[in-house]
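The values are calculated or read from the model by the stated rules, or taken from the named source; none is laboratory data. Everything numeric here is computed off the predicted structure, so don't read it as measured data. Glycine also receives a Cβ, built like all others from the backbone with ideal geometry; neighbour counts cover every protein chain displayed. For the accessible areas, the whole protein counts, side chains as well, though only heavy atoms, and no ligand, DNA or RNA atoms are used. Shrake-Rupley method; radii C 1.70, N 1.55, O 1.52, S 1.80 Å.
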Amino acid sequence: MDTAEKLDKNASGRNHAEEPLIDLEEQPMQETRYPEHTVGTPFVDAPKMRFRDVNVSYGDTQAIHNISLDIGKNEVISLIGPSGCGKSTFLRCLNRMNDTIDICRVSGELFLEDQDLYDSKMDVVELRARVGMVFQKPNPFPKSIYDNVAYGPRLHGLANKKFELDEIVETSLRKAGLWEEVKDRLHAPGTGLSGGQQQRLCIARTIAVSPEVVLMDEPCSALDPIATAKIEELIDELTESYTIAIVTHSMQQAARVSNRTAYFHLGRLIEVNDTETVFTKPEHELTEAYITGRFG
Amino acid sequence: MQTGNLLLLLVVLIGLAYYLGHRRAVAMARPLGGIRHLHSLPFYYAMRSALWCAMPALVVLGCWLAFDDSIIREVVLNGMPVDLRPADEAGRSLMLSRIGNVASGALSADTVGPEVAAAAERLTSLRTTSAMALTVVVVVLAMMGGAWAWLKVSPTLRARQQVERVLQFLFMLCATLAILTTVGILFSVLFESIRFFGKIPFSEFLFGLQWSPQTALRADQVAAHGAFGAIPLFVGTLLISAIALIVAVPVGLMSAIYLAEYAHPKVRSFAKPALEVLAGVPTVVYGFFAALTVAPFIRNIGEAVGLGVSSESALAAGLVMGVMIIPFVSSLSDDVITAVPQAMRDGSLGLGATRSETIKKVIFPAALPGIMGGILLAASRAIGETMIVVMAAGLAANLTVNPLEAVTTITVQIVTLLTGDQEFDSAKTLAAFALGLMLFLTTLAMNVLALHIVRKYREQYD
């Protein structure tokens, strides 16, 4: 059975059963309910990115507790969990976007292949070129479509000649499935596109610098179902050349696009497993409670 | 009763009408079971009463004050014997002022003819009558209006809508007033300018290279040939404004970027108001700072390197003016830079751009229209600025672009032309209006340009 279907069935079954929701206030979560270690299979062989005992805090508030996780090469890993569980915070550590927040502190081992992300010798510019990011809200620059895609390649000097740049722009737009729609108006402002097109433009802009990993922070939450379907299709194609980590609130989406799924809960990584396993027979009760819609 | 006292009385009446209207509305609501059974809140009934009390009375008061003096004067003049009535306008106003002086006691009644003395008496008595009548009419009107509105208070009266409509009209009136004032200023300057251009040809004024605004009192006067070529003034104005902008734009812009992008919030909360204090310094203070500190400093440096610098120089005035307009550039730029959404920064940083690359390539273009607006506002301010240039730039209308020489500007010349005793039929005085018109048109054109730039190049980021 397809995992998405299974999920739909779970959700609807839950609705009819009308079981009482777990009230988090009245039944305080006991420490023992958190697993000592993340259950499932957080580690893989020859990972693209490797994280051990990552802690993140904003000032005095700890947002992420002891997360250890591997992200495999050319896999799509989805990070799910209720709002405020730290999945976006974690994602933003992976290319050090948290640097822009003064009070954010990150500790633990974070490696991209054999390079330490938070090493003082690490060049954050190079890191972000290798680990690109697509944001929740489409944020094309107020420039032309062409300039939007050419922005990164120009910054990193990826093209010496005009035709090389043209080529990069075309390839990126093709990969993002946007070329046919915009090839006649490359010099029209990128902000004039529809929301879904804007988001694909942002994806094209990200892959134009040939990153190794693409981070997506709820890339479809501002889009309609049709645009969402297109992006999901695109993620499927991109996985051939890129490693993708995607944060999503839609469990159907996680089920549809990812190979592995990581469930976050209140700053802890509860369970990581194959997507199939997470949505059909989750190992941890919190994961089960979440994916069956009991909270979150 | 004097007008001031009458107004005070009117205020009391309006307050009373408000209070009574409020009380009546509340009293009517009580048997119904509370004010929610009224059509409008008691406030609106009270407002309606107050407005009915105020508006007719104020309109009558205003019209009366506007017209009664001229009507009384006309009556007094026409009451004089026919042979004493002056024929022309000048004679009439002379006669009227004599009568007025006698009536106020400034001129003894013995020194003028009995007819004039009689007219003066008539004037006094008419004024007294008018003032009394005004008081009665206004008070009666206010009371009637208030009473009528008070009687009309009922739970079904649509007071809210009526008050809203009156308020809307009031707001519109205020907006119109502001616009009409601008139009009025423009026309007053325009008419005097047309008179000026009747004496001096337009082309001579606009393209003449000589500025020495004198008019001969006698035909045989030596060196009395005035020249009204405004080019030296335009050049002087542009030179000083350019120097000011060269100082203000980079400094203002970079401090704005620092404040918006790099400064810690604590630094920003202190530094931004501190920068804005610069705009609050009175220009006359800047003026003597320029004349007494900066100008001698520049001259000393110039002498040290062997340059002849006049003690009043365009450079000194321009530099100080530049400092003055820094806040216009920095404060507005800071606002627009801060308004660029964080998503733009994230997008750029996420692609591996450094902070300064992000500023240069994304934030600056996105904020450019606002920045241009700030710069043009600063430029208008620089062109129109008077006090600093009067004190520091000099009066000599040299046609030069050498910033070390004394130059003069349009505003300075307007000041010198219009201070002291004037004769409003000479080209010398009227030239001030022509200059004013040019200045007005220049700043207007710049504002229109600024608006256009902002509209055209606005990079919409949402």
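For region A:145-190, the tally of residues that are of a type in the set (K, R) and either buried (at least 20 other Cβ atoms within 10 Å of the Cβ) or touching a residue at least 40 places away in the same chain (Cβ under 8 Å) (or both) stands at 2.
When you check A:K137 against the structure, is it charged (D, E, K, R), open to solvent by 30 Å² or more (accessible area, probe 1.4 Å) and within 14 Å of another protein chain (Cβ to nearest Cβ), yes or no? Spelling it out, A:K137 is indeed charged (D, E, K, R), open to solvent by 30 Å² or more (accessible area, probe 1.4 Å) and within 14 Å of another protein chain (Cβ to nearest Cβ). With respect to B:E312, determine if the residue is open to solvent by 60 Å² or more (accessible area, probe 1.4 Å) and either farther than 18 Å from A:P142 by Cα or assigned to a helix (DSSP H, G or I) (or both). Yes, satisfied. Do we find a residue being within 17 Å of A:L91 (Cβ to Cβ), surrounded by fewer than 18 Cβ atoms within 10 Å (Cβ to Cβ) and in contact with a Ser or Thr (Cβ under 7 Å, 6 or more places away or on another chain) anywhere in region A:208-222? Checked region A:208-222: at least one residue is within 17 Å of A:L91 (Cβ to Cβ), surrounded by fewer than 18 Cβ atoms within 10 Å (Cβ to Cβ) and in contact with a Ser or Thr (Cβ under 7 Å, 6 or more places away or on another chain). I'm told B:F67 meets every condition in (1) touching a Lys or Arg at 6+ places or on another chain (Cβ under 9 Å); (2) open to solvent by 50 Å² or more (accessible area, probe 1.4 Å) except one. Can you identify the failing condition by its number? That leaves (1) as the condition not met. Scanning region B:383-410 for residues that are touching an Asp or Glu at 6+ places or on another chain (Cβ under 7 Å) and in a helix (DSSP H, G or I) yields a single hit, B:A392.
If I ask for residues that are closer than 15 Å to B:S40 by Cα, crowded, with 19+ Cβ neighbours inside 10 Å and of a type in the set (V, I, T), which ones from region B:137-163 would you list? Within region B:137-163, B:V153, B:V163 meet the criteria. Residues in region A:223-248 that are assigned to a loop (DSSP other than H, G, I, E, B) and farther than 20 Å from A:I71 by Cβ: 2 in all.
Please work out which residue is nearest to the other protein chains (Cβ to nearest Cβ), limiting yourself to region B:339-359 and to residues that are open to solvent by 30 Å² or more (accessible area, probe 1.4 Å) and aliphatic (A, V, I, L, M). So, considering only residues that are open to solvent by 30 Å² or more (accessible area, probe 1.4 Å) and aliphatic (A, V, I, L, M), the one nearest to the other protein chains (Cβ to nearest Cβ) is B:A343.
I'm trying to understand the selection: among the residues of region A:66-110, which are of a type outside the set (A, V, I, L, M, F, W, C), within 13 Å of chain B (Cβ to nearest Cβ) and either open to solvent by 10 Å² or more (accessible area, probe 1.4 Å) or within 12 Å of the chain's Cα centre (by Cα) (or both)? Correct list: A:S88, A:R92, A:N95, A:R96, A:D99, A:T100, A:D102. Annotation for region B:241-257: at least one member residue is under 30 Å from B:L435 (Cα atoms), assigned to a helix (DSSP H, G or I), touching a residue at least 40 places away in the same chain (Cβ under 8 Å) and among the polar types (S, T, N, Q).
Quick check, is A:R154 facing another protein chain (nearest Cβ under 9 Å) and more than 25 Å from A:A245 (Cβ to Cβ)? Spelling it out, A:R154 is indeed facing another protein chain (nearest Cβ under 9 Å) and more than 25 Å from A:A245 (Cβ to Cβ). Would you check which residues across region A:118-134 are farther than 30 Å from A:A227 by Cβ and within 14 Å of another protein chain (Cβ to nearest Cβ) and list them? Correct list: A:M122, A:D123, A:V124, A:V125, A:E126.
Going through (1) free of Cβ contacts under 8 Å to residues at least 60 places away in the same chain; (2) among the charged types (D, E, K, R); (3) within 12 Å of another protein chain (Cβ to nearest Cβ) one by one, A:R205 falls short only on (1).
Restricting attention to region B:321-374, the residues being aromatic (F, W, Y) and more than 17 Å from B:E276 (Cβ to Cβ) number 1.
Applying the criterion of at least 1 residues that are more than 30 Å from B:T400 (Cβ to Cβ) and of a type outside the set (S, T, N, Q) to the helices (runs of 4 or more DSSP H) found wholly in region B:103-217 leaves B:114-152, B:159-199. Residues that are surrounded by fewer than 21 Cβ atoms within 10 Å (Cβ to Cβ) and either within 14 Å of another protein chain (Cβ to nearest Cβ) or farther than 19 Å from B:A392 by Cβ (or both) do not occur anywhere in region B:287-298. For region B:1-31, the tally of residues that are open to solvent by 80 Å² or more (accessible area, probe 1.4 Å) and assigned to a helix (DSSP H, G or I) stands at 9. Within region A:271-296, the set of residues being farther than 16 Å from A:S258 by Cα and of a type in the set (S, T, Y) comprises A:T287, A:Y290, A:T292.
Taking into account only those residues within region B:231-277 that are of a type in the set (G, A, S) and surrounded by fewer than 21 Cβ atoms within 10 Å (Cβ to Cβ), which is nearest to B:V389 (Cα to Cα)? The residue in question is B:A242.
Of the residues in region B:260-281, at least one is assigned to a loop (DSSP other than H, G, I, E, B) and within 14 Å of chain A (Cβ to nearest Cβ).
For region A:254-274, the set of residues classified as under 13 Å from A:E75 (Cβ atoms) and either surrounded by fewer than 23 Cβ atoms within 10 Å (Cβ to Cβ) or out of contact with any strand residue (DSSP E or B) (no Cβ under 6 Å at 6 or more places or on another chain) (or both) consists of A:N259, A:D274, listed by residue number. With respect to the stated conditions, B:L449 fails to be in a loop (DSSP other than H, G, I, E, B), in contact with a helix residue (DSSP H, G or I) (Cβ under 8 Å, 6 or more places away or on another chain) and on the phi < 0 side of the Ramachandran plot. Does B:P232 satisfy the condition of being in contact with a strand residue (DSSP E or B) (Cβ under 8 Å, 6 or more places away or on another chain), assigned to a helix (DSSP H, G or I), of a type outside the set (K, R) and under 21 Å from B:S380 (Cα atoms)? Spelling it out, B:P232 is indeed in contact with a strand residue (DSSP E or B) (Cβ under 8 Å, 6 or more places away or on another chain), assigned to a helix (DSSP H, G or I), of a type outside the set (K, R) and under 21 Å from B:S380 (Cα atoms).
I'd like to check something: does region A:111-123 contain any residue that is polar (S, T, N, Q), modelled with pLDDT of 90 or more and open to solvent by 10 Å² or more (accessible area, probe 1.4 Å)? No, region A:111-123 has no match at all. Restricted to region B:452-462, and to residues that are surrounded by fewer than 13 Cβ atoms within 10 Å (Cβ to Cβ) and away from chain A (no Cβ under 14 Å), which residue is modelled with the highest pLDDT? Of everything passing the filter in region B:452-462, B:H452 is modelled with the highest pLDDT.
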